[in-house]
Amino acid sequence: MELFIGIMSGTSLDGIDAVLVATNGQQAELKASTSRPFAENLRQRLLNLAAGHAITAKQWGELDTELGQAYADIVLQLLAESGISATQVRAIGCHGQTVWHQPLGQLPFSLQLGDANRLAAQTGIVAINDFRRKDMALGGQGAPLVPAFHQQVLGNTKHMRIVVNIGGIANITVLAPGQAALGYDVGPGNMLMDLWCKQHRGQAFDKDAAFGLQGQVNSALLANLLTEPWLALPAPKSTGRELFDEAWLVARLPAAISAADVQATLAEFSACAIANEVAKWPAGELLVCGGGGHNPLLMRRLSALLPNWRVDTTNSAGVDMDAMEAMAFAWLAHQTWHGLPGNLPAVTGASRPAILGAIHLPG
Ligand SMILES: Nc1ncnc2c1ncn2[C@@H]1O[C@H](COP(=O)(O)OP(=O)(O)O)[C@@H](O)[C@H]1O
Ligand SMILES: [Mg+2]
C-alpha cells in the first residue's frame with residue numbers, strides 16, 4: 001500500500017475535504033481526514049462565478065491562486081494532524097473547484113480552479129489535478145468519476161448494490177453482481193435545498209432538515225419539477241449549477257406557497273430524482289455517501305420511496321460517507337501516478353479508458 005492524499009471541494013461549495021489514504025488500487029484505507037469550510041467571502045465569489053457572472057482576468061487569476069493556497073494549507077494541516085511527512089506521500093489528487101461544467105455542445109469543457117503548481121511547491125508533493133478534461137477530449141462527459149472508485153471499494157458483492165453520492169448534485173453507481181459498473185448524475189442533491197434555505201433562513205444548508213420538516217410537500221410543484229426534461233435523458237449524463245440554479249427554481253414556483261413548503265418539496269424532489277432511477281433496478285442495497293446522507297428527511301424519504309431496498313449509508317459497508325469523494329480523488333491520483341486509467345467509458349461515454357489528470361512536480 002502507498003499513501004495518497006485526496007482533496008475534494010464539490011458543487012455544494014460548503015468547503016474543502018482532504019483525506020490521507022493508503023491504497024494499492026484495489027483496496028483503499030482511510031488514514032486521516034480533515035475539512036475546512038470556505039470563508040463566506042470566497043464562497044460568495046465562487047457562487048457568482050458559477051452563476052455565470054462576468055469577472056475580470058485579474059479576479060479569475062487571483063481566485064485560482066487563492067484556491068490553490070487553500071488546498072496547500074489543508075494538505076499541510078492534514079500532514080501535521082496525522083504526523084505523516086510529505087516524503088511518505090506519493091501524490092495528491094486534487095479535484096479543484098468546478099466553476100463551469102458543460103459536457104455537451106460544440107465546445108464541451110469542465111473547468112476547475114485551484115492552482116496545483118502552488119499545491120506542489122508548498123507541500124513538496126506531486127500534485128495531480130484537471131481530472132475531467134482528458135475524458136472529455138475523448139468524447140466523454142468528464143463526469144461522474146467516482147463510480148470507478150465505488151466499484152473498487154464497494155463492488156464484487158453477491159447482491160445488488162447502488163451507491164448514491166448526495167453532494168450538490170446526486171450521482172449513482174450501479175454495482176450489479178457480475179456486471180460492469182454503471183453510473184450517472186441523477187439530479188440535484190442538496191443544491192436547490194441549500195439555495196432556498198440560504199435565501200429564506202440565512203443558513204448555508206437546512207441542518208437536520210429543521211426547515212423542511214416544518215413544511216408540507218406541494219404535489220403540484222413536485223410534479224412540475226419532475227417534468228424537467230434532463231431527468232428523462234438516457235445516460236451518460238452529468239449536470240451542475242448551470243442547469244439547477246435559482247432561475248430554474250423560480251420559474252417553476254407557484255404564486256402562493258410558503259417557504260417551508262418549498263423546502264419540503266425540494267427535499268422530496270431530490271429524493272424522487274434518486275429513487276426513480278434506483279427503482280429501475282432489481283432491489284438490493286442503497287448506500288448513501290456525501291453530505292445529503294446527514295439529512296434525516298432525505299434519508300427517510302428514500303427509505304419510504306424504496307420499500308424493497310435496504311437504505312443505509314456507506315459507513316455500514318465500511319467506507320466513511322463524508323470521506324468517500326475525497327478518497328476517490330486520492331485513488332484517481334494513484335491511477336494516474338501508475339499510468340492506469342481512471343475513467344469508466346460506460347459511465348462517462350468516453351471512447352476509451354484513459355490516464356486522467358495533469359501532473360505537477362514539486363521540484
Ligand atoms: N446535518 C445535515 N443536515 C442536512 N444537510 C446536511 C447536513 N450535513 C451536510 N448536509 C448537506 O451536505 C452538503 C455538503 O455535502 P458534500 O458531500 O460536501 O457536497 P459537495 O461534494 O457538493 O461539496 C451541504 O451543503 C448540505 O446540503
Ligand atoms: Mg463538500
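Readers should treat all values here as calculations from the given coordinates under stated rules, not as data from a laboratory. Given the structure is predicted, the values throughout are model-derived calculations rather than measurements. Here the Cβ positions follow ideal geometry from the backbone for every residue, glycine too, while neighbour counts run over all protein chains shown.
As a footprinting exposure proxy, order 321, 1, 327, 299 by other Cβ within 10 Å, with the fewest listed first. Can you show the working numbers first?
Working: 321 22, 1 14, 327 29, 299 19.
Ordered by Cβ neighbours within 10 Å, fewest first: 1, 299, 321, 327.
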*Let me know the charge dipole size of the chain about its Cα centre in debye, to the nearest 20, where only the beta-carbon of Lys, Arg (+1) and Asp, Glu (-1) is charged.*
520
_If I take every Cα pair under 8 Å that is 6 or more residues apart in the chain, average their sequence separation and divide by the length, what percent do I get for the relative contact order?_
24
*asked:* Please report Rg (one decimal) and Dmax (integer) in Å for the Cα set of the range 146-317.
replied: 15.7, 50
*Mind listing the long-range amide H neighbours of residue 160? Cut-off is under 5 Å, sequence gap 5 or more, other chains count too, H placed in the peptide plane at 1.01 Å from N.*
285
*If the cut-off is a Cα-Cα distance under 19 Å, which aspartates and glutamates reach residue 31, setting aside same-chain residues fewer than 8 apart in sequence?*
2, 17, 73, 81, 320, 322, 325
*How much length, in nm to one decimal, is gained on full extension between residue 227 and residue 40, taken as 0.36 nm per residue of separation minus their Cα-Cα distance?*
63.9 nm
*To the nearest whole percent, what portion of all C-alpha pairs in the range 1-42 is separated by more than 13 angstrom?*
57
_Dipole of the chain [Lys/Arg +1, Asp/Glu -1 at C-beta], most positive-end residue of 276, 11, 290_ = 276
*What number comes out for the charge environment of residue 277, summing +1 per Lys or Arg and -1 per Asp or Glu over other residues with Cβ under 11 Å away?*
+1
*Pop the C-beta distance of residue 208 and residue 358 into the FRET formula with R0 = 35 Å and round what comes out to the nearest 0.05.*
0.35
*Would you please state which residues of the range 43-75 a label at residue 198 would reach in this model, taking the label point 7 Å out along Cα→Cβ and a backbone N cut-off of under 11 Å?*
43-51
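Between Rg and the Kirkwood Rh of the chain, both from Cα atoms, what is the Rg to Rh ratio?
Values: Rg = 19.5 Å, Rh = 20.5 Å.
In the chain, Rg relative to Rh is 0.95.
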*Could you give the length gained on full extension between residue 24 and residue 247, defined as 0.36 nm per residue of separation minus the Cα-Cα distance, in nm?*
75.8 nm
*Take the alpha carbon atoms of the range 12-52, find their center, do the same for the range 271-305, and report the distance between the two centers in whole angstrom.*
23
*Amide H partners (placed H, <5 Å) of residue 91, local residues excluded*: 5
*asked:* At 7 Å along Cα-to-Cβ for each site, give me the label-to-label distance between residue 107 and residue 88 in nm.
replied: 4.7
*For n ≥ 4 DSSP H runs only, could you compute -39500 (n - 2.57) per run for the chain, divide by its residues and tell me the 222 nm figure to the nearest 500?*
-11000 deg cm²/dmol
_Check which residues have an amide H placed less than 5 Å from residue 96's amide H, if you skip close sequence neighbours._
9
*Can you list the HN-Hα couplings for the range 14-30, worked out from phi with the Karplus curve (6.51, -1.76, 1.60; θ = phi - 60°), rounded to whole Hz and with x for Gly and Pro?*
7, x, 10, 10, 10, 9, 10, 10, 9, 8, 10, x, 8, 10, 9, 10, 6
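Kindly put 238, 82, 110 in sequence by how many other C-beta atoms sit within 10 Å of each C-beta, fewest to most. Write down the numbers at each step before the final one.
Working: 238 25, 82 17, 110 22.
In order of increasing Cβ crowding within 10 Å: 82, 110, 238.
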_HN-Hα J in Hz across the range 163-169 - Karplus 6.51, -1.76, 1.60, θ = phi - 60°, x for Gly and Pro_ = 9, 10, 9, 9, x, x, 10
*Once phi is turned into ³J(HN,Hα) by the Karplus curve 6.51 cos²θ - 1.76 cosθ + 1.60 with θ = phi - 60°, what whole-Hz value does each residue of the range 346-363 show in order, with x for glycine and proline?*
5, 8, 8, x, 5, 6, 6, x, 9, 6, 9, x, 10, 9, 10, 7, x, x
_Acute angle (nearest 10 degrees) that the helix 259-278 long axis makes with the longest principal axis of the chain, alpha-carbon atoms_ = 70
_With unit charges on the beta carbons (Lys and Arg positive, Asp and Glu negative) and the dipole taken about the Cα centre of the chain, which residue among 33, 232, 311 sits farthest to the positive side?_
232
